[in-house]
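Coordinate-derived values only; no laboratory data. Source: prediction; values computed, not measured. Positions of Cβ are generated from backbone atoms using ideal geometry, with glycine treated the same way; all protein chains shown enter the neighbour counts.
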Amino acid sequence: MIRLFHVSDLHFGAEDPQALHWFADIVAMEQPDLIVVTGDLTQQARPSEFEAAAQGSGRWGSPSLSRSATTTFRYSRWRVS
């Protein structure tokens, strides 16, 4: 049987380190065959955020497949009139 893990909306750049450590611990314990990553991978699509995502997912020790969107606008730029 193939074991898949799914994780979504990691938002590197505004990530929750405690949640990422928890996920990494579960991956190490359960050793899935593949981790599927969906949703927003980064917060602002900055190069440093993509680097953090690559480093973070590289620590999982299981292959991962990412089909992610990225939020590329700043909420502070929205104006309500």
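Enumerate the calculated ³J(HN,Hα) couplings along the stretch 42-55 in order (Karplus 6.51 cos²θ - 1.76 cosθ + 1.60, θ = phi - 60°), each rounded to whole Hz, writing x wherever the residue is Gly or Pro.
10, 8, 10, 6, 7, x, 5, 6, 5, 5, 4, 5, 5, 5
What percentage of all Cα-Cα pairs in the stretch 4-73 are separated by more than 21 Å?
Percentage above 21 Å: 17.
Could you tally the net charge around Gly13, taking each other residue with its Cβ under 9 Å from the Cβ of Gly13, Lys/Arg +1 and Asp/Glu -1?
-1
With a sphere of radius 11 Å drawn around the Cβ of Arg3, what net charge do the other residues whose Cβ falls strictly inside it have (Lys, Arg +1; Asp, Glu -1)?
With Lys, Arg at +1 and Asp, Glu at -1, the net is -2.
Once the other residues with Cβ under 14 Å from the Cβ of Arg67 are scored (Lys, Arg +1; Asp, Glu -1), what is the net sum?
Surrounding charge for Arg67 is -2.
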